[in-house]
Amino acid sequence: MAQGEDPELAELRRRRVRELQDAQARMAGGYDPQYAAAQQAEMERRESERLEVLRRLLTPEARERLARIRLAKPELANAVEQQVISLAASGRLNRMVDDATLRALLERMNPERREINITRR
């Protein structure tokens, strides 16, 4: 992955930490509708940035597979996305993630595939 993306991913991390700190401060105080609207706008902006980063990291086939997985198992899709982003942030991702690479990543993250044997008597 290009070195130009690392600062962007680091900025996403800093924003997430800031969001958590703000959430803790909000828990200590009362509810502010203006603050809630600002938080919603910030969350939408971060989500669009995350999608843009994933668009640059995943091939179209891999994005398609991830979208299908999201329909069945949204938690697994989120975990895979986070894993891909963290691999890119650490510099261990040298190229775009294709469908085969995504399948290998999925197998490592979800190994409990069950075998079904039907015995007729």
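The values are calculated or read from the model by the stated rules, or taken from the named source; none is laboratory data. Computed from a prediction, not measured in an experiment: that's the story for all the values here. So basically every Cβ, Gly included, is an ideal-geometry build from the backbone, and we count neighbours across all protein chains shown.
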Worksheet item: Name the residues in segment 71-92 that are surrounded by 11 or more Cβ atoms within 10 Å (Cβ to Cβ) and farther than 21 Å from Val53 by Cβ, would you?
Response: Lys73
Worksheet item: Across segment 1-15, which residue is farthest from Val97 (Cα to Cα) among those that are at pLDDT 75 or above and loosely packed, with under 11 Cβ neighbours inside 10 Å?
Response: Arg14
Worksheet item: Only one residue in Arg63, Arg95, Arg68 is assigned to a helix (DSSP H, G or I) and surrounded by fewer than 12 Cβ atoms within 10 Å (Cβ to Cβ), so which one is that?
Response: Arg68
Practice prompt. With respect to Arg108, determine if the residue is more than 23 Å from Glu19 (Cβ to Cβ), part of a loop (DSSP other than H, G, I, E, B), at pLDDT below 90 and of a type in the set (D, E, K, R).
Written response: no
Worksheet, complete the sentence: Residues of segment 99-121 being surrounded by 14 or more Cβ atoms within 10 Å (Cβ to Cβ) and of a type in the set (Asp, Glu), in sequence order, are Asp99
Discussion item. I'd like to check something: does segment 108-120 contain any residue that is closer than 25 Å to Glu49 by Cα, of a type outside the set (Ser, Thr, Tyr) and in contact (Cβ under 8 Å) with a residue 40 or more places away in the chain?
Written reply: no
Worksheet item: Which of the following residues is over 16 Å from the mean Cα position of the chain (by Cα), free of Cβ contacts under 8 Å to residues at least 24 places away in the same chain and surrounded by 14 or more Cβ atoms within 10 Å (Cβ to Cβ): Gln39, Gln24?
Response: Gln39
